[in-house]
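One structure below.
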6 protein chains.
Amino acid sequence: MSGNLKDRMKKGDVLLGAWCMIPGALTAEILASSGFDWVLVDMQHGCMDYETALEMIRAIDLGGATPIVRVPWNEPGIIGRMLDAGAMGIVAPMIQTPDDAARLVEACLYPPVGRRSLGPIRVGVRDGAGYFAGANDRVMVIPMIETVEALESVEEIAAVPGIDALLVGPFDLSIALGLPPGDNDGKPAFDAAVARINRAAKDAGCATAVLSTGALAPVRAGQGFQLISTLTDAPAFTRTAHMELEKARAGLTKEKTDA
Amino acid sequence: MSGNLKDRMKKGDVLLGAWCMIPGALTAEILASSGFDWVLVDMQHGCMDYETALEMIRAIDLGGATPIVRVPWNEPGIIGRMLDAGAMGIVAPMIQTPDDAARLVEACLYPPVGRRSLGPIRVGVRDGAGYFAGANDRVMVIPMIETVEALESVEEIAAVPGIDALLVGPFDLSIALGLPPGDNDGKPAFDAAVARINRAAKDAGCATAVLSTGALAPVRAGQGFQLISTLTDAPAFTRTAHMELEKARAGLTKEKTDA
Amino acid sequence: MSGNLKDRMKKGDVLLGAWCMIPGALTAEILASSGFDWVLVDMQHGCMDYETALEMIRAIDLGGATPIVRVPWNEPGIIGRMLDAGAMGIVAPMIQTPDDAARLVEACLYPPVGRRSLGPIRVGVRDGAGYFAGANDRVMVIPMIETVEALESVEEIAAVPGIDALLVGPFDLSIALGLPPGDNDGKPAFDAAVARINRAAKDAGCATAVLSTGALAPVRAGQGFQLISTLTDAPAFTRTAHMELEKARAGLTKEKTDA
Amino acid sequence: MSGNLKDRMKKGDVLLGAWCMIPGALTAEILASSGFDWVLVDMQHGCMDYETALEMIRAIDLGGATPIVRVPWNEPGIIGRMLDAGAMGIVAPMIQTPDDAARLVEACLYPPVGRRSLGPIRVGVRDGAGYFAGANDRVMVIPMIETVEALESVEEIAAVPGIDALLVGPFDLSIALGLPPGDNDGKPAFDAAVARINRAAKDAGCATAVLSTGALAPVRAGQGFQLISTLTDAPAFTRTAHMELEKARAGLTKEKTDA
Amino acid sequence: MSGNLKDRMKKGDVLLGAWCMIPGALTAEILASSGFDWVLVDMQHGCMDYETALEMIRAIDLGGATPIVRVPWNEPGIIGRMLDAGAMGIVAPMIQTPDDAARLVEACLYPPVGRRSLGPIRVGVRDGAGYFAGANDRVMVIPMIETVEALESVEEIAAVPGIDALLVGPFDLSIALGLPPGDNDGKPAFDAAVARINRAAKDAGCATAVLSTGALAPVRAGQGFQLISTLTDAPAFTRTAHMELEKARAGLTKEKTDA
Amino acid sequence: MSGNLKDRMKKGDVLLGAWCMIPGALTAEILASSGFDWVLVDMQHGCMDYETALEMIRAIDLGGATPIVRVPWNEPGIIGRMLDAGAMGIVAPMIQTPDDAARLVEACLYPPVGRRSLGPIRVGVRDGAGYFAGANDRVMVIPMIETVEALESVEEIAAVPGIDALLVGPFDLSIALGLPPGDNDGKPAFDAAVARINRAAKDAGCATAVLSTGALAPVRAGQGFQLISTLTDAPAFTRTAHMELEKARAGLTKEKTDA
């Protein structure tokens, strides 16, 4: 199933995902088994080391979703490791220039297109001997657009050969624009940035991706985003804990009041 | 703060808790920081080894809740290890007879009351030199009542010196009663069992505890339960994932239909 | 796929397996992906803790084989944990009497047949809500016959309701019989023991299982064994290392001699 | 080197050891490299899981000391696992009767003397094919004497065939005797217990072992103890931290006062 | 408590710390509970991965000290991860130029001052929603001065906006100066370097920090250092082991001699 | 024993090694105990984190082979960490220019030759106080030659002071040359590249190393390679699994056919 996500994206499908910050395979397996099209292991702001990330990729494979990894930095060592582990997409933070994007592509793809080194130990167990031949066609290269510099050259970044999608983190983008962190829909600077990124991607023939929520997903789809993260595990879990506790307290208070 | 839970229980307070099946300190820290009075690390049905359980206890301490541990079996080795790790209460499954309960007390308490061995390495770092002297007064001993045998001698079990509370897992209790797993409120056998356990505990001067949800917590409090788990992490997280995905899908469908 | 192994065994199929002593999911995933019908995680003589065993079960699930676990001892705590982790069969060492076997069955099966406690957290993620209803029919209960005591009551052990197969470890069996550890085929005591175990199992309607090698598998199948482990990871890996090194050394020596 | 400790003990040597509560191989490697004859991994009151304990045993082997393990309980599963991991001695807590001691011996030794199961996966890598033949002669079986019951039958316990040494934990022994935890030398009950244990051991031809400190080691040797732990890692580290901090504070205060 | 260290440093307080090379939370918790103002997790020369470092930060938080991290290299990926984990200060090795220092500041602080990306998952659990607003004021940015190049531009490095303290490792500094590794007090080159660094820091309004010992701490304070590490765990533990063993051996020898 | 490998290489010995991709100390210990001169822990394409790599180095030390590490990238942070962990050689991928090679040397060696920072915590436990003085003479610096750029300046790379050997990965080299991944002996471009690398190394007074197999090792030795990896763990294990399974299946089929 892993190989299909890029094709579905190319066909224009909206693909719903979940974002893992919590280290460990159980939460990743729960998300992958829940029906999300893709699950991302976040090694930038999430709390997992490489070995845990690899276990999470196995759990995502097992649950039937496509594993994607956000690496902590645009650095070829960690990118190669996560691809060898089975990631079918790489999200890289803080891509600021077309040159950054080109180096990201180089790290993600095998020669002659890129410079990825051969050694797909674990992913070769999963996908067999055919992995090498198909990898460049199946791996998704996804730079983040989250700074003013990146925004100003977003058209050139999107046009770098090998780039498959541009990812927007509304919080970092907002901060870069001088806005408070959050989804600043309605604020002109935010809306303009979102529109510009989507247009740049469309013109370059690539897709867009965004960190979001279930409620906001339809809005984001309407703006052109195709890879839409609808849940981030740690904050979602925190909200659930608060809600459940609140429910209990409210009920107990009412009971006392009624008594 | 850790030392107060037993005192508050003795005073009759209702104490809301959360139940950890997911291995790892982050989810435990989130729960403990959310305001629950106690957080339980479940080594019976949860997925953590001892070292992970210890990290979770640290995270619970840090978040300001009282750590409790359910051990996989009424076995002195693991009970001693979890107390040394800092658990302030031990829940033991499958206690069937007063004799089982007496052996549980023995494993949880220092001589001359019990036979717990001295070596509070980690909890001594947390609580200092005074730990040994106060431990027997602060540790809570909590057998589970979940079989027909246990139910039939629940009054004797509750009366075993050193028992602090009886814990009910509605699912296993239901299965034992020949009912489908779940909260079978309204079914006479279930209601009678719950009532009998609460009455037995009250008569013996000990408390009752129950695995529950936020919505059901007030009902359980009304039945006499004082330690009420209002959230179990893995199923709560699963529900949240399904809900958020459903929200996204519903919105996307509506958008398509409207268009 | 996991659910089918017991049915295939009941139908009389010979099912080839691999035996994991090396801790870690990669070797387990390699084995499961190689085409073995089942892969066993050995927590008695293997080197993995529970959390690693759980990762190995995920890797075995992912590779398409059925995960079985040998527990270190016939103890309900660890048996329940491994079943909750997704093991579809439990091998228990040192079963000596029908009573031991009955306690093993009790620990492996849900009420009313057994006393397994409900809480299939991880296996519920894999198999969904239907797990509980089907578990008793799908889990395989497999005592080891490896002592003189066990051999002397093997007919009664095989007849204990709920026993699915008897497992023979030729090394421990040989030691028990006063023979050197190994496959002592041809030695009357060994052959008689093997024959008696297979006959006892057949009479009781259960199967037999054996630790073996690829070369010996057909012989064992001819003796009536159905679950045949054809490779144990650590010794197989050791042999491969020695062979490869020997090949290099021989070639280098020859080259020097030829020169 | 590992095989020699038991022989040296039989010859009457005093053998100095260190006691590991801190999980992880680095502190164990430091201790083993410091010149201790043996280093013990404490799985009863220490904070390590099995996999960590195995890493510690490798580090102790590497440092040139003999690895011994205290198991959390007299339970054959964990005893077998630690011996397979390379422990050359097993210390078992809470041995109360000759029967307990006999079961401990059974778990530690291969047939025909005991019932240890064959599968020395890791220790076989270290010691090679000869391990099985020599194991019963090299493994040390060491029950703890720490309760009144044990003390009252210490002569019978010492006489159980296969027992190599009796270990005294002064803290638990003191508590059992109604004394405050500690080295209660000079208190008649304590001195009498120590003397009785040493005499019982001597009469039975076995040795004695004790948890102690560098300063007290000569006294303990004088009482007949041969295996003397002179340092326990966690408390020793705590004292060092306090001393170093105190030194700094005192110097800073003096400097201020002088100024 | 974590937020106060920088303020106390700004007020001129001498703040005593401890330095962790040993991986694992127990030793870190012991140090933090011993009364040190800050405890540093050393990911350059220490032996811990990110996940272990995170557990150590939790243990330091719990013990009441302020967690600081030395990263292995001035690389934004790992710096961001450690800040998200809860580090309140970042020590970066091998800062050679003001430009290096400026990039370090950029990685440590949020926009508009720096370029740190937003995602304080774990530290947000600890510090709540206010973390983002206060982070730039509370995080300490601490370059190491340990090469001739750095020394030659130390005044410019100290003056880079956002630098809070300069850290001196006497061993590496000595090697850079052509001296043997160690505290080379009295050697003119060493003393001059120390004086120059302290003066440069003072002139720029920032503090100085140093790796030291309890005994030397008052001297270092007299030289102007404010953050003084008085204990490094691994060498301190090694010394304690040697001393305790020596004490035992000396006593045993004396006893023999006396006899 | 660890220190001798470089000397033996300088003397012209052919040194047989094994290559670890599988994370975990057991397989590494098996390889080191099998008689290989060196065992490499591959952090580029292998599946281990730093802490696991450190455990593997201990196991390799214990088995009597020399530990070498391939780092994921030519980055001083990870290089220093692995040397501190005890690696006696560093293999760095994707060295393309003499400048890359010079930076690699700088990261591997202490001043005044290089810029490695002092802090040999774990390796100091193994090798004692003399480690620092001898390290530059014992550590091997081994760039990989695997791109066209590297090949074109291989003579200059080999001549960079401090370079000890050039390593060839036939798979990546083949891809760089436009050949299918594999040992392309007989293909002119491949043979020419191999010859050029060996000649360049010889002229510069350094050695060559290669990833290979037992069967091919004599050929590689004949071409001038001295460090020859004769086994890579994961693919070797995979082949063994397939062979053993095939053997069983073939035997079973034959038996059926014969019957």
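Is it the case that B:ASP203 is free of Cβ contacts under 8 Å to residues at least 12 places away in the same chain, more than 30 Å from A:ALA234 (Cβ to Cβ) and more than 7 Å from every other protein chain (Cβ to nearest Cβ)? No, not satisfied. Is it the case that F:LEU118 is under 25 Å from E:GLY46 (Cβ atoms) and either in contact (Cβ under 8 Å) with a residue 24 or more places away in the chain or of a type in the set (Gly, Ala, Ser) (or both)? In short, no. For segment C:63-79, enumerate the residues that are assigned to a helix (DSSP H, G or I), within 14 Å of chain B (Cβ to nearest Cβ) and of a type outside the set (A, V, I, L, M, F, W, C). Once the filter is applied, which keeps residues that are assigned to a helix (DSSP H, G or I), within 14 Å of chain B (Cβ to nearest Cβ) and of a type outside the set (A, V, I, L, M, F, W, C), segment C:63-79 yields C:PRO76, C:GLY77.
Among the residues of segment B:31-52, just one is within 7 Å of another protein chain (Cβ to nearest Cβ), in contact with a Gly (Cβ under 6 Å, 6 or more places away or on another chain) and among the aromatic types (Phe, Trp, Tyr), namely B:PHE36.
Taking the conditions exactly as written (without any contact (Cβ under 8 Å) to a residue 60 or more places away in the chain, buried (at least 24 other Cβ atoms within 10 Å of the Cβ) and within 10 Å of another protein chain (Cβ to nearest Cβ)), does B:GLU55 satisfy them or not? Judged against the criteria, B:GLU55 is a match. D:MET48 passes all but one of (1) part of a loop (DSSP other than H, G, I, E, B); (2) surrounded by fewer than 23 Cβ atoms within 10 Å (Cβ to Cβ); which number fails? Every condition holds for D:MET48 apart from (2). When C:VAL123, C:VAL139 are screened for being buried (at least 18 other Cβ atoms within 10 Å of the Cβ), in contact (Cβ under 8 Å) with a residue 60 or more places away in the chain and either under 21 Å from B:MET21 (Cβ atoms) or out of contact with any strand residue (DSSP E or B) (no Cβ under 6 Å at 6 or more places or on another chain) (or both), only C:VAL139 passes.
Residues in segment F:187-200 that are in a helix (DSSP H, G or I) and among the charged types (D, E, K, R): F:ASP191, F:ARG196, F:ARG199. Exactly one residue out of C:PRO98, C:PRO67, C:PRO112 is surrounded by fewer than 24 Cβ atoms within 10 Å (Cβ to Cβ) and touching a residue at least 60 places away in the same chain (Cβ under 8 Å): that is C:PRO98. Taken over segment B:229-257, the criterion of being more than 7 Å from every other protein chain (Cβ to nearest Cβ) and either small (Gly, Ala, Ser) or in a strand (DSSP E or B) (or both) is satisfied by B:SER229, B:THR232, B:ALA250. Residues that are in contact with a strand residue (DSSP E or B) (Cβ under 7 Å, 6 or more places away or on another chain), of a type in the set (Asp, Glu) and within 24 Å of F:TYR131 (Cα to Cα): does segment F:29-38 have at least one? Yes; the residues of segment F:29-38 include at least one that is in contact with a strand residue (DSSP E or B) (Cβ under 7 Å, 6 or more places away or on another chain), of a type in the set (Asp, Glu) and within 24 Å of F:TYR131 (Cα to Cα).
Criterion first (over 17 Å from the mean Cα position of the chain (by Cα) and outside any helix (DSSP H, G or I)) does D:PRO112 satisfy it? Spelling it out, D:PRO112 is indeed over 17 Å from the mean Cα position of the chain (by Cα) and outside any helix (DSSP H, G or I). For segment C:85-101, taking the residues that are assigned to a helix (DSSP H, G or I) and either within 14 Å of chain B (Cβ to nearest Cβ) or out of contact with any helix residue (DSSP H, G or I) (no Cβ under 9 Å at 6 or more places or on another chain) (or both), the one that is farthest from D:ASN74 (Cα to Cα) is identified as C:ALA85. Among the residues of segment F:153-186, the ones that are crowded, with 19+ Cβ neighbours inside 10 Å and either under 15 Å from the mean Cα position of the chain (by Cα) or not in a loop (DSSP other than H, G, I, E, B) (or both) come to 17 in all.
Consider segment B:215-259 and keep the residues that are more than 28 Å from B:MET48 (Cα to Cα) and small (Gly, Ala, Ser). The one that is surrounded by the most Cβ atoms within 10 Å (Cβ to Cβ) is B:ALA248.
Of the residues B:ALA209, B:ALA195, which is crowded, with 23+ Cβ neighbours inside 10 Å, among the small types (Gly, Ala, Ser) and within 26 Å of B:LYS11 (Cα to Cα)?
Exactly one residue qualifies, and that residue is B:ALA209.
I need the full set of residues from segment E:201-213 which are of a type in the set (Gly, Ala, Ser) and not in a loop (DSSP other than H, G, I, E, B), in order please. If the condition is that a residue be of a type in the set (Gly, Ala, Ser) and not in a loop (DSSP other than H, G, I, E, B), then E:ALA201, E:ALA204, E:ALA207, E:ALA209 are the ones that fit. Take the residues in segment F:19-30 that are within 7 Å of another protein chain (Cβ to nearest Cβ) and farther than 16 Å from D:ARG58 by Cβ; name whichever of them is farthest from the chain's Cα centre (by Cα). Result: F:ILE22. Quick check: anything in segment B:11-28 β-branched (Val, Ile, Thr), assigned to a helix (DSSP H, G or I) and touching an Asp or Glu at 6+ places or on another chain (Cβ under 9 Å)? Looking through segment B:11-28, at least one residue is β-branched (Val, Ile, Thr), assigned to a helix (DSSP H, G or I) and touching an Asp or Glu at 6+ places or on another chain (Cβ under 9 Å).
Conditions tested, residue by residue: (1) under 24 Å from A:ASP172 (Cα atoms); (2) modelled with pLDDT of 95 or more; (3) in contact with a Lys or Arg (Cβ under 7 Å, 6 or more places away or on another chain).
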{"site": "A:CYS20", "(1), (2), (3)": "yes, yes, no"}
{"site": "A:PRO23", "(1), (2), (3)": "yes, yes, no"}
{"site": "A:LEU31", "(1), (2), (3)": "no, yes, no"}
{"site": "A:SER34", "(1), (2), (3)": "no, yes, no"}
{"site": "A:ASP61", "(1), (2), (3)": "no, yes, yes"}
{"site": "A:PRO72", "(1), (2), (3)": "yes, yes, yes"}
{"site": "A:GLY77", "(1), (2), (3)": "no, yes, no"}
{"site": "A:GLY89", "(1), (2), (3)": "yes, yes, no"}
{"site": "A:PRO98", "(1), (2), (3)": "yes, yes, no"}
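For segment E:217-233, what are the residues that are within 19 Å of E:VAL91 (Cβ to Cβ) and among the β-branched types (Val, Ile, Thr)? Hits for segment E:217-233 are E:ILE228, E:THR230, E:THR232. Entry remark, segment A:214-228: residues being in contact with a strand residue (DSSP E or B) (Cβ under 7 Å, 6 or more places away or on another chain), within 9 Å of chain B (Cβ to nearest Cβ) and in contact (Cβ under 8 Å) with a residue 24 or more places away in the chain number 3 in total.
Does D:MET82 satisfy the condition of being within 14 Å of chain B (Cβ to nearest Cβ) and not in a loop (DSSP other than H, G, I, E, B)? Yes.
The values are calculated or read from the model by the stated rules, or taken from the named source; none is laboratory data. Quick caveat: nothing in here was measured; it's all calculated off a predicted structure. Positions of Cβ are backbone-derived with ideal geometry, glycine not excepted, and every protein chain shown enters the neighbour counts.
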